[in-house]
Amino acid sequence: MAKGIFPVEKFQSIQTPFYYYNTELLRATLRTINEETGRHQGFVVHYAVKANANPHLLRIIREAGLGADCVSGGEIEASVKAGFPCQKIVYAGVGKSDWEINLGLDNDIFCFNVESIPELEVINELAAAKGKVARVAFRLNPNVGAHTHANITTGLAENKFGIAMSDMDTVIDEAEKLPNVKFVGLHFHIGSQILDMSDFEALCNRVNELQDKLEKRRIIVEHINVGGGLGIDYEHPNRLSIPDFKSYFDTYAKKLKLRPGQTLHFELGRAVVAQCGSLITRTLYIKKGAQKQFAIVDAGFTDLIRPALYQAYHKIENITSDEPMEAYDVVGPICESTDVFAKQIDLNKAKRGDLLAIRSAGAYGEIMASQYNCRKLPIGYMSDTI
Ligand SMILES: *Cc1c(COP(=O)(O)O)cnc(C)c1O
């Protein structure tokens, strides 16, 4: 039974709400990633720090040998602090500030994923001031849709991210003129929570076309970075606790035509950390309405915003009750109507004091927490040190 995976006794003395991370599952997930990439020549995985920057998790991920994919100066700092080697840090982002670029330069990070010509010029200027040459990859917008929520597709022409493919030649020419940047690769990222491998296949086809075009100019880049986006099973966190990395990496191995000596980089966030995390919350009140009953809990969207932000589904379990199932709306205490975790779901009959586990919350959970309503930020506890 799923409840068996939680040390409920230990939970009783901890102030709720809090995040609980199963480090054993995280380590097993990382082992699977390493096994699957190990089958393919030149595959390198970076962890997308924005999914969860809890320092304990970062350390475990760094120990497994992954690199770090950052989207801000703060994430570069967190990665360096967690011990990621600077030559394994990549930095993307549509709006990099000067101090953030300087931080990347000072740390000699592996690569800046550049999203516009003005940005390229600024990196060149700042690198020149330090007498350095910055390695850059161009983030191209492949105009590939992903079958996922509209708010989390990034690879369509209408999105703010990346450089249009039709501008690829122009940016490469521009980079060649600038002495303090070195063009080393192409970068892509089409979205998140993608479960349909044909979306990744579409990206592979696009990359192949671009590589053919570049070859006509006798350019073979050293690095191709296909971003992240592999989804997880929010419905079945127990049955499918490790995502299907085999299909994911095999798809790229089969469909993307790497040139000799090229390295293929991945930036996985959600697929690495989502399933190992749960938000543990205490039931405050059971309120019976005319048509339904509410389980009012002490966690709100300040602790986990995904349901409010993109109607995301998280499986919820009552981990302190074996009573028969009843239907509940699980809602938080925040003064906003969107502060709802789930509507009309079945839970073992709940009473005041029961602990609920909101599952698959390791990615884009703790890191997105806010202090709205002057609430406290949730603490993250590790299963091996709790
Ligand atoms: C968010 C992001 C990722 C990670 O996405 P996941 O869906 O969590 O795997 C990777 N690369 C870039 C550039 C991103 O913005």
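Assorted remarks:
- Residue check for Pro55: in contact with a Pro (Cβ under 8 Å, 6 or more places away or on another chain) and of a type outside the set (Ser, Thr, Tyr): no
- Matching strands (runs of 3 or more DSSP E) fully within the range 16-92 where at least 3 residues are touching a Phe, Trp or Tyr at 6+ places or on another chain (Cβ under 9 Å) and over 26 Å from Tyr252 (Cα atoms): 18-21
- Members of the range 13-59 found to be among the hydroxyl-bearing types (Ser, Thr, Tyr) and touching a residue at least 60 places away in the same chain (Cβ under 8 Å), listed by number: Thr16, Tyr19, Tyr20, Tyr21, Thr23, Thr29, Thr32, Thr37, Tyr47
- Qualifying residues in the range 102-118 (those that are buried (at least 21 other Cβ atoms within 10 Å of the Cβ) and out of contact with any His (no Cβ under 6 Å at 6 or more places or on another chain)) - the one farthest from His187 (Cα to Cα): Gly104
- Residue list for the range 67-101, restricted to those being buried (at least 23 other Cβ atoms within 10 Å of the Cβ), free of Cβ contacts under 8 Å to residues at least 60 places away in the same chain and of a type in the set (A, V, I, L, M, F, W, C): Ala68, Cys70, Ile76, Phe84, Ile89
- So Leu304, is it under 15 Å from the mean Cα position of the chain (by Cα) and part of a loop (DSSP other than H, G, I, E, B): yes
- Flag for Asn113 being assigned to a helix (DSSP H, G or I) and either modelled with pLDDT of 95 or more or within 18 Å of Ala68 (Cα to Cα) (or both): no
- Note on the range 314-365: enclosed strands (runs of 3 or more DSSP E) holding 2 or more residues that are in contact with a helix residue (DSSP H, G or I) (Cβ under 7 Å, 6 or more places away or on another chain) are 340-348.
- Qualifying residue in the range 361-381 (condition: of a type in the set (Gly, Ala, Ser), touching a His at 6+ places or on another chain (Cβ under 8 Å) and surrounded by 16 or more Cβ atoms within 10 Å (Cβ to Cβ)): yes
- Qualifying residue in the range 75-93 (condition: within 15 Å of the ligand (Cβ to nearest atom) and modelled with pLDDT under 95): yes
- Subset of the range 94-108 (residues that are of a type outside the set (Gly, Ala, Ser) and within 14 Å of the ligand (Cβ to nearest atom)): Val94, Lys96
- Qualifying residue in the range 241-248 (condition: of a type in the set (A, V, I, L, M) and buried (at least 21 other Cβ atoms within 10 Å of the Cβ)): no
- Test: residue in the range 354-362 that is away from the ligand (no atom under 16 Å from the Cβ), within 30 Å of Thr32 (Cα to Cα) and without any contact (Cβ under 8 Å) to a residue 12 or more places away in the chain: no
The values are calculated or read from the model by the stated rules, or taken from the named source; none is laboratory data. Because the structure is predicted, anything quoted here is derived from the model rather than measured. Reconstructed Cβ throughout: ideal geometry from the backbone, glycine too, with neighbour counts over all protein chains shown.
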